[in-house]
Amino acid sequence: MIYILSFIFFLGSVYGQDKGKKAYEEGKYDDARAYYEHVLKNRKQDGAAQFGLGATAYQQKDMETAARSLNNVMNSDDKSLASKAMYNLGNMFRDQEKMEESLALYRKSIELDPTDQDAKVNYELLKQVLQEQEQQQNKESEQNEDKEQEKQEQDSESKDKQNQDQDNQGKDEDQQKKDNQNSESDQEKENKEQEQSQAKQEESQEQKSDKQMQAEAILNALKDKEQINQKRQIAKAKSRKLEKDW
């Protein structure tokens, strides 16, 4: 975790045991602020008082006053004081999750005061956090790209399958039509065969009927001839009998 270290220590190195530092250390931020504001009324360009006011306002969650006071100190001719102001502004930006701005201020703080270990530690820690975030973002980006590519492949496969299903459906419909046509053709053929068979049967029956009529006619003729012969024989028999009686 990155800690804010320079507020109290820097106040001590500048003011020693002044009233503002003592009130600040005791958590009496209203008293500390009143002290630094009183100093600034008389010495508006007092960088140390500006820094003290910024530190106290930060503890009071008055970020606007804290940022304004520390920004005034950033332009101080005192490089050590300007470095501490940049460092503390870096802490403020980090708390607001403005990581890039915070890292830039830590770097400027180190450039002004290479001996500031707090700035170096916070700079390296924040740099590591940003690198991890970047790696995580790259990983998520790659995962999203993989998901998007996978989705596109699935969509393509789904579309191909849909087209294939449509083709198969079309083929099935064509085959069904052919089967229906073949079925109709077979039915027509069967009906035609039945009609031909029935016609042959009717023709056969007609032929049979004609033959039967001819056979019956012949049979009747034979019967008539037989009856005539019988009559002739009877007549001869009578004639013979009469002749004998005579």
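Quick note: the coordinates plus some simple rules give every number you see, no bench work behind them. Source: prediction; values computed, not measured. All Cβ positions, even for glycine, are placed from backbone atoms using ideal geometry, and neighbour counts span all protein chains on display.
Couple of notes before you dig in:
- The residues neighbouring residue 22, those whose beta-carbon lies less than 10 Å from its own, together hold a net charge of -1 under the Lys/Arg +1, Asp/Glu -1 convention.
- Listed residue pairs exceeding 25 Å between alpha carbons, taken from 178/200; 19/98; 200/225; 21/84: 178/200; 19/98; 200/225
- Added length on full extension, which subtracts the Cα-Cα distance from 0.36 nm per residue, residue 151 to residue 200: 10.6 nm
- Put a dot 7 Å past the Cα of residue 129, heading toward its Cβ, do the same for residue 178, and the two dots end up 7.3 nm apart.
- Length-normalised contact order for region 6-115 - Cα pairs under 8 Å, 6+ apart - percent: 18
- Spatially proximal aspartates and glutamates relative to residue 171 (Cα-Cα < 15 Å; intrachain offsets below 8 disregarded): 179
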